[in-house]
Amino acid sequence: MEQYAINGGNPLVGEVEIGGAKNAALPILAASLMTDETVLIENMPDVRDTAILLDAMQSIGAHVERLDRHSVKINGSHIHDVVVDGSLAKKIRGSYYFLGVLLGKYKRAAVVLPGGCDIGCRSIDQHIKGLRALGASVKIAHGMVTAEAQRLVGSHIYLDVASVGATANIMMAAVLAEGRTIIENAAKEPHVVDLANFLNSMGANIKGAGTDVIRIRGVQKLHRTEYVIIPDQIEAGTFMFAAAATRGDITVKNVIPKHLESISAKLVEIGCEVREFDDSVRVISKGPLRHTHVKTLPYPGFPTDMQPQIVVTLGLSEGTSIVTETIFENRFRYVEELVRMGANIKVEGMTAIIDGVSCYTGAGISAPDLRAGAALVIAALSAEGMSTVDDIRYIERGYEDFHLKLQKLGAQIEKIEGEREQQKFRLKTG
Ligand code: EPU
């Protein structure tokens, strides 16, 4: 089993290039099937989740041509199946996007109930409510969600929670529905806006993405486009906190600083210096780190996908910090691992109470999910001595070349397999 071997204690210094946003890429790749013409997508992150989604698309007849690592041409004119089944689709949360895509285009879709990281119960009731409001009959049986409709007709939908996935799915189905759809309490995340921009570039008529109310006027059909995916807010934020925790100085390049505001604000609050440029942000961590309180919230609040990274950093900050998770109920599982590295953190329900320590010590740890895995790597990079991180397949779901990018910043990290390679790493980094 592959793992990361890390020898911690070095400040990370330098520049890192941020890739395309995974959570924008997933719905955009799926939505490219909504036209019979060829779509070109650029700045696609080359991560496990996008690879699995592309494989699932091919399994139902999509023609997928990888031009290079980050560019792909997709043609959805030969879709032969509206049933997205099997082990592939089950592995990723993003497979639920086939519901909106195939229902919108073919008025029928059946998708295996989505998997993804085990961070909470992750209901899809709001997706179902929205698709039903558009006139689809939706059933769950034998582990599959099936949606079908004679015709889809625009509707006024109020979401009970501002769900990213439900907003995207409803938006995609509504684009090809008759008449006008209004989604109230819509998710405002940058990736929702990116999907709307992508669909509009294919001829859709979507207004208001990025606000609470999205208005969609259905069109007859969509056409070809060329589209560049936005930079990944969470990948950027992860490196920004890596700078903070390792007392380093990192410039994250190819970002949209506006998307990083809640992250930058917390870094400044805890004592880092943050300098914003047009498309890059520099984080300098020199003085003592201070405690703060954090509550995860939908955008523009502090993202739940950055919660483990800030907890790792607050674990090294003076005083007592309180972090409350409000989006997913099972997102503190990594704390147990962090405590084994010397952190002083108690979790009570959805709240972590963190008493800062002066440093962590290296240990053998496991990534319980994608973001927590990345956060534990940051902990290991800031720790004294050697750590190994298992289950790195979770991290590879959403971070492209994570260890290589960290190496360029001066980190002693390698992807290894087996006891012998571990020994070799130990001797080398001694
Ligand atoms: N929810 C419902 N009913 C629904 C849908 C969601 O109750 O029908 C609840 C969820 O249980 C959760 C909250 O609403 O408490 C927010 O869930 P949301 O639907 O917004 O999340 P998601 O679409 O399942 C996406 C990202 C996650 C990210 C969240 C929140 C993708 C593939 N996943 O998940 O990303 O944490 O939005 O921003 O886009 C990650 O990248 O590591 C990751 C987990």
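Please treat every number below as a calculation from the coordinates, not as lab data. Nothing here was measured: the structure is a model prediction, and the numbers come from that model. Please note: Cβ atoms are built from the backbone with ideal geometry, for glycine as well, and neighbour counts cover all protein chains shown.
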TODO: Would you order 163, 201, 95, 262 from fewest to most other beta-carbon atoms within 10 Å of each residue's own beta-carbon?
DONE: 201, 262, 163, 95
Open item on the list: At a 10 Å Cβ-Cβ cut-off, how would you order 420, 331, 48, fewest neighbours first?
Closed with: 420, 48, 331
Open item on the list: Exceeding 24 Å between C-alpha atoms, which entries from my cross-link table qualify? They are 105/139; 90/295; 286/415; 295/408; 207/253.
Closed with: 90/295; 286/415; 295/408; 207/253
TODO: May I ask you to list, by number, the DSSP H helices of the chain whose Cα span along the axis is at least 15 Å and whose average Kyte-Doolittle hydropathy reaches 0.0 or more?
DONE: 48-59, 164-175, 190-201, 233-246, 370-382
Open item on the list: For the chain, what does the helix formula give at 222 nm: sum of -39500 (n - 2.57) over DSSP H segments with n ≥ 4, over the residue count, nearest 500 deg cm²/dmol?
Closed with: -9500 deg cm²/dmol
Open item on the list: For a quick check: sort 299, 334, 158 by the number of other beta carbons within 10 angstrom, fewest at the front.
Closed with: 158, 299, 334
Open item on the list: Whole angstrom only: what separates the Cα centroid of the range 19-34 from the Cα centroid of the range 120-166?
Closed with: 20
TODO: Could you tell me, in Å, what Rg and Dmax come out for the Cα atoms of the chain?
DONE: 21.7, 67
TODO: Given the options 51, 62, 375, state which has the largest fluctuation in a GNM of the chain using a 10 Å cut-off (strictly under) for Cα springs.
DONE: 51
TODO: Compute the separation of the alpha-carbon centres of the range 405-429 and the range 243-287 and state it in Å as a whole number.
DONE: 27
- [ ] Find the relative contact order for the chain and round it to a whole percent, using C-alpha pairs within less than 8 Å whose residues are 6+ positions apart.
- [x] 20
- [ ] With springs only between Cα atoms under 10 Å apart, run a GNM on the chain and tell me which of 288, 11, 114 wobbles the most.
- [x] 288
